[in-house]
Amino acid sequence: MSTRNLSLNLGTVRRQWSLREAVEACARHGYAGAAPWRDQVAETGVAEAARIFKANGIRVTGYCRGGMFAALDEPGRLAAIDENRRMVDEAAALGAECIVMIGGGLPEGSRDIAAARRMFADGVAAVLPHARACGVALALEPLHPMYAADRGCISTLAEVNDLCDALGDGVGIAVDVYHVWWDPDLAGQIARAGGRIIAHHICDWLVPTRHLLTDRGMMGDGVIDLAGIRAMVERAGYRGLQEVEIFSEDWWNRPGDEVLTTARERFDSLCQAPRS
Ligand code: ZN
């Protein structure tokens with residue numbers, strides 16, 4: 001079954017289920033992986049969460065969400081670096097395949113997005129030695145530019161490819177279709193990323209989109225060429241799981257089992273890479 005290719009980002013069912021309930025549902029529905037958020041792991045306890053994933057045979061395809069290094073002053077920047085190092089320890093305990101890192105927004109009152117981007121690069125570089133020592137990969141995730149001010153000053157795959165060039169081993173890229181589908185250079189930058197792609201997130205872009213954060217679509221309900229993007233990442237060498245990540249008032253209000261069943265059906269019918 002192609003469901004063995006699927007992972008579930010646990011933010012998708014955060015209103016319906018606890019971490020334990022969600023992981024048990026993943027196993028029941030034949031999903032091979034799951035990606036928890038830090039607050040979900042904190043609520044359960046790191047050691048207990050690790051036991052739950054293991055007992056259910058569920059891979060941890062990512063741990064959400066680090067990065068966000070930009071701050072007004074040096075103590076703020078150092079605190080963010082410390083926080084990310086603690087997250088590396090938690091990811092190692094969970095057996096997570098990577099930490100997902102986002103750019104973070106501009107510090108309050110700042111109009112200097114270039115400085116925020118530099119602080120992100122410096123922050124990743126500062127955490128990287130600890131991540132390497134712990135065997136935890138850092139997956140840099142560009143966010144759609146609509147988030148540049150408040151959560152993701154890193155917007156394009158070209159930027160994260162450049163960062164990976166500069167930082168070397170231990171960093172990779174999370175390709176989330178929601179954030180990058182519009183990029184005119186998508187195919188070129190995915191090909192350039194090659195083996196650096198260590199996470200692939202799927203959902204859909206609704207027209208119209210009614211809320212910037214909580215109106216992601218189920219695969220097939222929007223305009224993203226999911227089969228085409230899957231073909232690109234697999235041509236680039238990606239062999240990992242396809243992680244369903246849908247933050248949506250609509251889907252949060254449906255039974256969790258319906259969400260998992262629908263995602264599996266849509267994936268089977270719409271996300272199959274055409275034979276090349
Ligand atoms: Zn994502």
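The values are calculated or read from the model by the stated rules, or taken from the named source; none is laboratory data. This one's a predicted model, so the numbers in the text were calculated from it and none came from an experiment. Cβ: placed from backbone, ideal geometry, glycine included. Neighbour counts: every protein chain shown. Calculation scope for accessible area: heavy atoms of the full protein, side chains included, ligands and nucleic acids excluded. Shrake-Rupley method; radii C 1.70, N 1.55, O 1.52, S 1.80 Å.
Can you tell me which residues in the range 53-86 are open to solvent by 80 Å² or more (accessible area, probe 1.4 Å), touching a residue at least 24 places away in the same chain (Cβ under 8 Å) and either in a helix (DSSP H, G or I) or under 30 Å from Arg28 (Cβ atoms) (or both)?
Lys54, Arg59, Arg85
Condition first: open to solvent by 40 Å² or more (accessible area, probe 1.4 Å) and within 14 Å of the ligand (Cβ to nearest atom). Now tell me which residues in the range 196-213 satisfy that. Break it down into steps so the answer makes sense when it comes.
Taking the range 196-213 and keeping what is open to solvent by 40 Å² or more (accessible area, probe 1.4 Å), we get 196, 198, 207-213.
Result: Ile198, Leu213.
Residue by residue through the range 223-240, note down the ones that are touching a residue at least 12 places away in the same chain (Cβ under 8 Å) and over 23 Å from Pro208 (Cβ atoms).
Ala227, Arg230, Ala231, Met232, Val233, Glu234, Arg235, Ala236, Gly237, Tyr238, Gly240
When you scan the range 226-237, do you find a residue that is crowded, with 20+ Cβ neighbours inside 10 Å, within 15 Å of the ligand (Cβ to nearest atom) and closer than 21 Å to Ala25 by Cα, even just one?
Scanning the range 226-237 turns up no residue that is crowded, with 20+ Cβ neighbours inside 10 Å, within 15 Å of the ligand (Cβ to nearest atom) and closer than 21 Å to Ala25 by Cα.
Which of the following residues is open to solvent by 30 Å² or more (accessible area, probe 1.4 Å), away from the ligand (no atom under 12 Å from the Cβ) and small (Gly, Ala, Ser): Gly135, Gly172?
None of the other options fit; the residue is Gly135.
Residues in the range 138-156 that are surrounded by fewer than 18 Cβ atoms within 10 Å (Cβ to Cβ) and assigned to a strand (DSSP E or B): how many?
Within the range 138-156, residues that are surrounded by fewer than 18 Cβ atoms within 10 Å (Cβ to Cβ) and assigned to a strand (DSSP E or B) number 0.
Just to be sure before I move on: is Arg86 of a type in the set (Lys, Arg) and closer than 20 Å to Trp251 by Cβ in the structure I sent?
Values: of a type in the set (Lys, Arg): yes; closer than 20 Å to Trp251 by Cβ: no.
Here the answer is no, as Arg86 does not meet what is asked.
Has the range 106-126 got any residue that is under 28 Å from Ala92 (Cα atoms), in contact (Cβ under 8 Å) with a residue 12 or more places away in the chain, assigned to a loop (DSSP other than H, G, I, E, B) and touching a strand residue (DSSP E or B) at 6+ places or on another chain (Cβ under 9 Å)?
no
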